[in-house]
Amino acid sequence: MPKITISPITRISGLLSIDIMLDSNRVVQEANCSGEQFRGFELMLKGRQPEDAVYFTERICGICSMAHGYTSTRLVRKILGLEPTPEIVLLEQCLLGAEFLQNHIRHFYLLALPDYLPAAALPRINQGLSPETAPGFDVNVSQAQQHMLLEHYFRAMEASRKCHEMLAVFGGKIPHQHGMTAAGVAVIPTASRQVQFRSLLHQVQDFIHEAFLPDLHFIAERYPDYETIGAGPNRFLCFGLFDPRYGGHFPAGIMVDGRPQTINPRAIREDIRYSWYQETTENPLPEKPGAYSWVKAPRYQGLAFEGGPLARKVIASGLTGTTIAGTIPRLAARAEEAALIASWMEEWMNYLPQTGRYTAQPTGVPRSDAIQINDAPRGPLLHAMMVSGGTIGRYTVITPSTWNFSPKDDHGERGPAEAALVGTVLADIKHPLEVGRIIRAFDPCLSCATHFIARQGENQIHFDLEV
Ligand code: NFE
């Protein structure tokens, strides 16, 4: 079987390689996704103060640092017995929302869109090539349309920067904000800060409605085949996003073949047959025979699940059917979600008092171990902690890209991105454009995806906890 290796996949976060095996009709018969980066944050956290986890785990990633900080802050509050006030929840949701907007805008324009334009249309690699001379490209976009998209590409950089400025208004700086702590927020939303935040939000909203949504619809029209090319396992997972008590939110749940179900963290397990870890001790083992990734294979009830904007949309709206999970639906869900979250952020801002209670309240019930699950921009995020002798004894992270870019599990079932590649017909095996389009629509972050967790024994304790 002919094999193509693409290494590394560019315009993503972190190091990812893809191997695809083709039949004589250029149909992908098998795909392996390899996460080639080892991290080890859990090891750094051992023996540290529980509060430190927020600032360590934020540094797992430069693009979703707020998501890790937000999740870890909630986890640390459970450990210390602290309850956030409604004002804290709303302010933190505004910060997390700004990160979602930045991630989604940046992803579509800077990472995904170049897959749909000939190289000659793009900055830095414009060597005077006409679209026709860009090799292997299925040119579906006229030069005038390319210019419009390119102008939006540059406006997207400004919009993305404005989202980060929003985060810095209340977070002090970004990435790796310092305004949010387990004990409360360090930056009070004074009238001037609120005006600043709102003004930036309105400018980003304008960009979403004037460019992001129309451009997405334009690409969807030009590439109708991609409605179904790249269909995944048709199983979706969402850990919930934003507090339902304060308006806009995405509910937690799973959708299996059109049937919605509630989430039970006890049903999560991680397999490592194809990951570079020892089977018994789980120590790194880069020379392990048959293994091909540093990413483990998380499974829910033994099955692979896709997470991200499409999963949130499917679960929130109860969408069913087998044609909802292709490449364009994945991109479209991200643009629609940006518009939705921006409108929710406006509502939350309306409820933010300048002189509210921005200090968390003690519940009087500290715990020695806890688990926190909620969604991050790319899907379900889990943090869990066990405290021993006042310091962190064990810290566990499972990120969205661990779900989406998992290798095969102990039963040989493919991860979601692998499943999305299988069955694809390549138009030209010298220029496998289809692979880049399918993979990038998941918005991979392999910097986030590699983490330790024991499959059995101690770590199972975490998943027996109530969320
Ligand atoms: Ni490094 Fe992240 C998000 C988390 S991982 S980007 O979203 O958590 O996929």
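For the reader, a short list of remarks on this structure follows.
- Residues of region 182-232 classified as within 30 Å of residue 52 (Cα to Cα), in contact with a helix residue (DSSP H, G or I) (Cβ under 7 Å, 6 or more places away or on another chain) and not in a helix (DSSP H, G or I), total: 5
- Matching residues, region 45-69, being near the ligand (Cβ under 10 Å from one of its atoms) and either over 16 Å from residue 447 (Cα atoms) or surrounded by fewer than 16 Cβ atoms within 10 Å (Cβ to Cβ) (or both): 62
- Some residue of region 82-89 being open to solvent by less than 50 Å² (accessible area, probe 1.4 Å), more than 16 Å from the ligand (Cβ to nearest atom), aliphatic (A, V, I, L, M) and in contact with a Phe, Trp or Tyr (Cβ under 7 Å, 6 or more places away or on another chain): yes
- Matching residues, region 99-117, being within 11 Å of the ligand (Cβ to nearest atom) and acidic (Asp, Glu): 99
- When residues in region 203-260 are screened for being buried (at least 19 other Cβ atoms within 10 Å of the Cβ) and among the basic types (Lys, Arg), 1 of them pass.
- Yes/no for residue 313 being closer than 30 Å to residue 352 by Cβ and without any contact (Cβ under 8 Å) to a residue 60 or more places away in the chain: yes
- Top-ranked residue in region 335-377 [being of a type in the set (D, E, K, R) and closer than 30 Å to residue 218 by Cα; ranked as nearest to the ligand (Cβ to nearest atom)]: 375
- Residue count for region 264-291, restricted to those that are buried (at least 19 other Cβ atoms within 10 Å of the Cβ) and of a type in the set (A, V, I, L, M, F, W, C): 3.
- Of the residues making up region 411-452, those that are away from the ligand (no atom under 12 Å from the Cβ), at pLDDT 95 or above, among the charged types (D, E, K, R) and part of a loop (DSSP other than H, G, I, E, B) are 413, 414.
- The set of residues in region 399-410 being crowded, with 21+ Cβ neighbours inside 10 Å and more than 9 Å from the ligand (Cβ to nearest atom) consists of 406, 407, 408, 409.
- Residue match in region 24-44 (condition: surrounded by fewer than 24 Cβ atoms within 10 Å (Cβ to Cβ), at pLDDT below 95, hydrophobic (A, V, I, L, M, F, W, C) and within 14 Å of the ligand (Cβ to nearest atom)): yes
The values are calculated or read from the model by the stated rules, or taken from the named source; none is laboratory data. None of these values were measured; they are calculated from a predicted model. Don't worry about glycine lacking a Cβ; one is built from the backbone with ideal geometry, like all the others, and counts go over all protein chains shown. Keep in mind that these areas ignore ligands, DNA and RNA; they rest on the heavy atoms of the full protein, side chains included. Shrake-Rupley method; radii C 1.70, N 1.55, O 1.52, S 1.80 Å.
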